[in-house]
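**Student:** Below are the structure tokens for one structure; questions will follow.
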Amino acid sequence: MLAGGAAGRGATPTGRPGRGRRRRDPFARRATAALLVYLLAFVAVGYRLVTVQIVHAAHYAALGEQQRLRTVELPPRRGRIYDREGDVLATSVDAATVYADPRAFRERIRDDGLVVPPAADAAEVAATVAPLLGTTPDAVEAHLRAEGHFRYLARQVDHALGQRIAELQLPGIGVLTEPTRVYPAGPLAGQVVGFTGIDGDGLSGLELQYDQLLAGEPGRLALERAPGGLTIASGTRELRPSQAGTDLVVTLDREIQHVAERAAAAAVERFDAVGASVVVLEVGSGEVLAMASAPGFDPNRLQGSDEGTRRNRAVTDMFEPGSVQKAVTAAAAVEEGIVGPDTVLAVPDRLPWGRKVFSDAHRHPTENLTLRQIVERSSNIGTILVADQLGPDRLSRYLEAFGYGQPLGIGFPGEVDGALLPREQWSATSLPTIAIGQGVAVTLLQAAHLYATLADDGVATQPRLLRGVVGADGRLDSAPQPARHRVISVDTARHVRAMLEDVVSGDQGTGERAAVPGYDVAGKTGTARKPLTGARGYSGEYIASFVGFAPVEHPRMVVAVMVDEPRPIYGGVVAAPTFAEVMRFALAHRRIPPTDPAAADARAAPPPAPDTAAATPTPAATFRGVTDAPADTPSP
């Protein structure tokens, strides 16, 4: 029985053994399956950890930083712009920028499901901030309730105001200090200096031309913030300071610039003109001492000004020079040996040429005139007869040598090249037309450059506006010397200078109003019709101009004047007196001895400079270093 019982316990109902071992198999399988599951989970977690912490570590670290870090770019302090004597024309001062983090005004849901209320009430904060910023609570609240995590409330407001707002310690409201651009001299040289945008980038003038030098390198501030947008006082705070921009020293003379602007504005008012420009150029160095256009604008008050007043018309606008061109025609003919100053030509008052008839200013019988008298009287017919002997090929070649139709290389934004047709495109009447200054166009700076070449014994010097930069030691690092090349011989230049002197001091000269007491002055008047806009032909309006230099024997400065649509129209009546006013002051200011000290005009004493000294910061650099009168004839 015992054996049988034992046998019964160890056997299956069918009498086969092994049932106890088979009962253990499901447990083993389940254990094995569980082990495999845990193993796979471990591998998956391990893979995920390797992926997150090693393979994509940088990506997830960046995501984490985005959630808790706020990075703010710190604008650099922009370099100053000084005039040649160290007076500040453009600088930067601290201003405040007020911003908001809208996350502080939104409720959020934590990972555990709890709802976290806003850190502050948007309406209350808006009501506090709005009066300080000069806006409405509704406008501020709209920013506070906006999407995202950063909104500007106001930029470049008064620095003291920014400090007041910061002291309130309003949740979600922050204040940054950033530089803003100011122009201590106000409208003085505004079109040359230019202006910057709200982000401090140059938008016009020298600010744009030398933006890379002036701009500097921005810095970076990283702050760690709580989920509500509040800064964690003990959190991460990384600062990479910005690097200030380079200070520039330009060639402008602040006082000459002031007088040039005043004279241009007076010409516009006196002669009911639409505009006027003046350029003062130093002979030999090519340095621009003044470049003025009226009407002007104040870069401190950019809003309300229009594009026309902000444009530096001395380099961006071109005009037909009229009789100013005749000095170049005469120089080419003398250089080629075709005529000399005393060569006599029979000059009628009218000359048929192709389908046109050219004429002089006044009716006169045929006269025997020397080249000197032709230039003095500004005779169209005499100039055309000289150009006829010169021929179109040589005239074209000399115009190109003097720089017509080519950029001067000054690099000023918006500078135009002027206009000169290629020789192969000249028509049958191009020779006489171009010889007297029609059918060709220049900027006022180009006109000044032409006469600076005659004044400097026939050597052309590239004009420039940059004297240099302020180095790390606070001293002036001079810019490279400008390019120079010879255009005509010394003898030719001096012959033409003597002819141009007769224009001012001769009995029948058209430029007698350009005279400066005590100095020998040379120059040429110009009166040219304005081309139609968008059509062929000419309008009924004129450009009056005068370009000249002094003293004649050893010229030091060129002054070029252009008046747009004046009444009356003649350069000798309109532009010549403006030239005299500017030249008289510039000669005295630069301490250039008079040719005849006894005749020097007491009015040459420098007038008071513009009243901006109190607003001008001390430079950081150490370099401180109309009645009837002879007049031009409008060209046909």
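The values are calculated or read from the model by the stated rules, or taken from the named source; none is laboratory data. Quantities reported herein were computed from a predicted structural model and do not represent experimental measurements. Cβ: placed from backbone, ideal geometry, glycine included. Neighbour counts: every protein chain shown. Accessible surface is based on the protein model in full, side chains and every heavy atom, while ligands, DNA and RNA are left aside. Shrake-Rupley method; radii C 1.70, N 1.55, O 1.52, S 1.80 Å.
**Student:** Before we move on, is G162 open to solvent by less than 40 Å² (accessible area, probe 1.4 Å) and either among the polar types (S, T, N, Q) or closer than 30 Å to P76 by Cα (or both)? Before the answer, list the steps.
**Tutor:** Values: open to solvent by less than 40 Å² (accessible area, probe 1.4 Å): yes; either among the polar types (S, T, N, Q) or closer than 30 Å to P76 by Cα (or both): yes.
Spelling it out, G162 is indeed open to solvent by less than 40 Å² (accessible area, probe 1.4 Å) and either among the polar types (S, T, N, Q) or closer than 30 Å to P76 by Cα (or both).
**Student:** Out of the residues in the stretch 182-199 meeting the condition of being open to solvent by 30 Å² or more (accessible area, probe 1.4 Å) and of a type outside the set (A, V, I, L, M), tell me which one is modelled with the highest pLDDT.
**Tutor:** Within the stretch 182-199, the first condition is being open to solvent by 30 Å² or more (accessible area, probe 1.4 Å), and the residues that meet it are 182, 187, 198-199.
If we keep only those that are of a type outside the set (A, V, I, L, M) too, we end up with 187, 199.
Values: P187: 95, D199: 83.
Here the residue is P187.
**Student:** Any idea how many residues of the stretch 90-134 are in a loop (DSSP other than H, G, I, E, B) and surrounded by 15 or more Cβ atoms within 10 Å (Cβ to Cβ)? Full working, then the answer.
**Tutor:** Within the stretch 90-134, the subset in a loop (DSSP other than H, G, I, E, B) is 101, 106-107, 110-114, 117-121, 134.
Next, only the ones that are surrounded by 15 or more Cβ atoms within 10 Å (Cβ to Cβ) stay: 101, 106, 118-120.
Number satisfying all stated conditions: 5.
**Student:** Return the total of residues in the stretch 321-350 being under 46 Å from the mean Cα position of the chain (by Cα) and not polar (S, T, N, Q). So that I can check it myself, show each step before the final result.
**Tutor:** Looking only at the stretch 321-350, we keep the residues that are under 46 Å from the mean Cα position of the chain (by Cα), and these are 321-341.
Subsequent filtering for residues that are not polar (S, T, N, Q) retains 321-322, 324, 326-328, 330-341.
Final tally of qualifying residues: 18.
**Student:** Which residues, counting only those in the stretch 22-57, are open to solvent by 100 Å² or more (accessible area, probe 1.4 Å) and among the polar types (S, T, N, Q)?
**Tutor:** Q53
**Student:** Hey, another quick one. Could you tell me whether any residue of the stretch 573-588 is in a strand (DSSP E or B), at pLDDT 95 or above and open to solvent by less than 50 Å² (accessible area, probe 1.4 Å)? I'd like the intermediate steps shown before the answer.
**Tutor:** Let us first name the residues in the stretch 573-588 that are in a strand (DSSP E or B), namely none.
The answer is no; no qualifying residue exists.
**Student:** Here's something else I'd like to know. Which residues, counting only those in the stretch 367-396, are charged (D, E, K, R) and either closer than 26 Å to R423 by Cα or assigned to a helix (DSSP H, G or I) (or both)?
**Tutor:** Here is the first cut: in the stretch 367-396, the ones charged (D, E, K, R) are 367, 372, 376-377, 388, 393-394.
Within the stretch 367-396, R372, E376, R377, D388, D393, R394 meet the criteria.
**Student:** Evaluate the following for R556: is it out of contact with any Asp or Glu (no Cβ under 6 Å at 6 or more places or on another chain), open to solvent by 20 Å² or more (accessible area, probe 1.4 Å) and closer than 27 Å to Q257 by Cα?
**Tutor:** On the way: out of contact with any Asp or Glu (no Cβ under 6 Å at 6 or more places or on another chain): yes; open to solvent by 20 Å² or more (accessible area, probe 1.4 Å): yes; closer than 27 Å to Q257 by Cα: yes.
For R556, the condition - out of contact with any Asp or Glu (no Cβ under 6 Å at 6 or more places or on another chain), open to solvent by 20 Å² or more (accessible area, probe 1.4 Å) and closer than 27 Å to Q257 by Cα - is met.
**Student:** Note down all Cβ pairs under 6 Å where the first residue falls in the stretch 417-438 and is closer than 17 Å to S359 by Cβ and part of a helix (DSSP H, G or I), the second is among the small types (G, A, S) and open to solvent by less than 10 Å² (accessible area, probe 1.4 Å), and they're at least six residues apart or on different chains.
**Tutor:** Note: pairs meeting the criteria are L431/A387; A435/A387.
**Student:** Looking at (1) closer than 23 Å to M318 by Cβ; (2) in a helix (DSSP H, G or I); (3) open to solvent by 10 Å² or more (accessible area, probe 1.4 Å), which is the one condition that is false for G534?
**Tutor:** (2)
**Student:** Enumerate the pairs (first residue in the stretch 443-463 and farther than 11 Å from G403 by Cα and of a type in the set (K, R); second residue anywhere and open to solvent by 10 Å² or more (accessible area, probe 1.4 Å) and modelled with pLDDT under 95) with beta-carbon separation below 8 Å, excluding pairs fewer than 6 apart on the same chain, so at least 6 apart or on different chains.
**Tutor:** none
**Student:** Something else now. On the basis of being open to solvent by 40 Å² or more (accessible area, probe 1.4 Å) and closer than 25 Å to G548 by Cα, does Q389 make the cut?
**Tutor:** Answer is no for this residue.
**Student:** A further question follows. For E415, which of the numbered conditions (1) over 34 Å from the mean Cα position of the chain (by Cα); (2) of a type in the set (D, E); (3) closer than 26 Å to G571 by Cα fails to hold?
**Tutor:** Unmet condition: (1).
Listed here are the residues, each with its yes/no results for (1) under 26 Å from T461 (Cα atoms); (2) modelled with pLDDT under 85; (3) part of a loop (DSSP other than H, G, I, E, B).
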| residue | (1), (2), (3) |
| --- | --- |
| L221 | no, yes, no |
| E224 | no, yes, no |
| G229 | no, yes, yes |
| G235 | no, yes, yes |
| A265 | no, no, no |
| D272 | no, no, yes |
| M291 | yes, no, no |
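**Student:** Does the stretch 497-548 hold any residues that are of a type in the set (F, W, Y) and within 18 Å of N380 (Cβ to Cβ), and which are they?
**Tutor:** Taking the stretch 497-548 as the starting set, the residues that turn out to be of a type in the set (F, W, Y) are 519, 538, 542, 546.
Within the stretch 497-548, Y538, Y542, F546 qualify.
**Student:** Take the residues in the stretch 138-152 that are farther than 15 Å from R103 by Cβ and not acidic (D, E); name whichever of them is most open to solvent (accessible area, probe 1.4 Å).
**Tutor:** Once the filter is applied, the top-ranked residue is Y152.
**Student:** Let me ask something additional. Identify, from the list Q209, Q169, the residue that is open to solvent by 30 Å² or more (accessible area, probe 1.4 Å) and under 30 Å from R262 (Cα atoms).
**Tutor:** Numbers: Q169 fails: under 30 Å from R262 (Cα atoms).
One residue alone meets the criteria, Q209.
**Student:** Check whether at least one residue in the stretch 360-369 is open to solvent by less than 60 Å² (accessible area, probe 1.4 Å) and of a type in the set (S, T, N, Q), and report yes or no.
**Tutor:** No, the stretch 360-369 has no match at all.
**Student:** Quick test of your reading of the structure: T316 fulfils all but one of (1) under 22 Å from L454 (Cα atoms); (2) in contact with a Gly (Cβ under 8 Å, 6 or more places away or on another chain); (3) of a type in the set (S, T, N, Q). Name the failing condition by number.
**Tutor:** That leaves (1) as the condition not met.
**Student:** Answer yes or no: is there a residue in the stretch 155-167 that is in contact with an Asp or Glu (Cβ under 9 Å, 6 or more places away or on another chain) and part of a loop (DSSP other than H, G, I, E, B).
**Tutor:** Looking through the stretch 155-167, none of the residues is in contact with an Asp or Glu (Cβ under 9 Å, 6 or more places away or on another chain) and part of a loop (DSSP other than H, G, I, E, B).
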